[in-house]
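One structure below.
The values are calculated or read from the model by the stated rules, or taken from the named source; none is laboratory data. On a predicted model such as this, the values are computed, not experimentally measured, just so you know. When we count neighbours, we look across all protein chains shown, and the Cβ atoms used for this are built from the backbone with ideal geometry, even at glycine. Calculation scope for accessible area: heavy atoms of the full protein, side chains included, ligands and nucleic acids excluded. Shrake-Rupley method; radii C 1.70, N 1.55, O 1.52, S 1.80 Å.
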Amino acid sequence: MSKFTIETCHIEGLKIITPRVFGDSRGYFMETYNENDFKEAGIDCTFVQDNQSSSAKNVLRGLHFQVEHPQDKLVRVLSGEVFDVAVDIRKGSATYGKWYGLILSAENKKQFFVPKGFAHGFLVLSEYAEFAYKCSDFYHPNDEGGLLYNDPAIGIEWPVAAGTEPVLSERDKIWKSFI
């Protein structure tokens with residue numbers, strides 16, 4: 001029996017992964033990755049790098065992608081809660097320019113598989129969040145690409161409280177529009 005429930009959404013390639021959690025009075029145990037189970041679900045890539053970040057409430061990281069060295073990513077939240085988003089930037093795709101978002105949290109333990117050909121970002125909803133992800137290629141600093149988080153051509157519905165602006169890096173403030 002698989003240790004994961006793996007769902008798809010309206011954008012081909014994106015997968016939502018919910019691990020089986022085994023809990024008792026001591027706490028819990030779960031597998032977060034199993035190459036055989038993932039391959040069986042159509043996630044057939046080799047991960048070469050793990051990354052982790054911490055962020056405060058309202059920090060928005062993204063929308064990022066690698067241009068010449070695209071990466072498959074398997075993302076999850078270790079503590080806190082985020083709204084995680086992927087945007088299809090695969091030219092010729094039926095869902096080109098469309099986005100999908102979901103809540104990832106330490107509580108729901110969901111993971112999100114974002115394949116090559118997507119821009120990715122997240123907004124921290126809790127007071128603090130730790131975010132971890134696996135990548136199928138190494139980071140190349142001179143290969144960064146990005147999209148404006150609030151580009152009206154994409155129309156992401158970020159769950160930002162009225163009167164609040166997300167906290168962005170200087171780089172994330174100047175990305176170009178999708179079109």
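Quick look at the values:
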| read-out | value |
| --- | --- |
| Average Cα contact separation per residue, the chain, under 8 Å, 6 or more apart, as relative contact order % | 28 percent |
| Reciprocal mean inverse distance between Cα atoms of the chain - Kirkwood radius, Å | 16.8 Å |
| 222 nm mean residue ellipticity, helices alone, for the chain (DSSP H n ≥ 4; -39,500 (n - 2.57); rounded to 500) | -1000 deg cm²/dmol |
| Over segment 47-110, relative contact order from alpha-carbon pairs under 8 Å, at least 6 apart, % | 30 percent |
| Solvent accessible area, Å² - ARG171, 1.4 Å probe, full protein context | 90 Å² |
| Inter-label distance for GLU7 and ASN150, nm, one decimal - labels placed 7 Å from Cα along Cα-to-Cβ | 3.0 nm |
| Centre separation in Å (Cα based) which lies between segment 66-90 and segment 32-55 | 12 Å |
| Size-normalised alpha-carbon gyration radius of segment 116-168, reference 2.2 N^0.38 Å | 1.38 |
| Whole-percent carbon and sulfur share, accessible surface of the chain, 1.4 Å | 49 percent |
| Unsatisfied cross-links (Cα-Cα over 25 Å) in the set LYS15/LYS176; LYS15/LYS173; LYS3/LYS73; LYS57/LYS91; LYS110/LYS173; LYS3/LYS57 | LYS15/LYS176; LYS15/LYS173; LYS57/LYS91; LYS110/LYS173; LYS3/LYS57 |
| Cβ-derived FRET efficiency at R0 45 Å, ARG26 paired with LYS176, nearest 0.05 | 0.35 |
| Per-residue SASA entry for TYR96, accessible area with 1.4 Å probe, Å² rounded to 10 | 90 Å² |
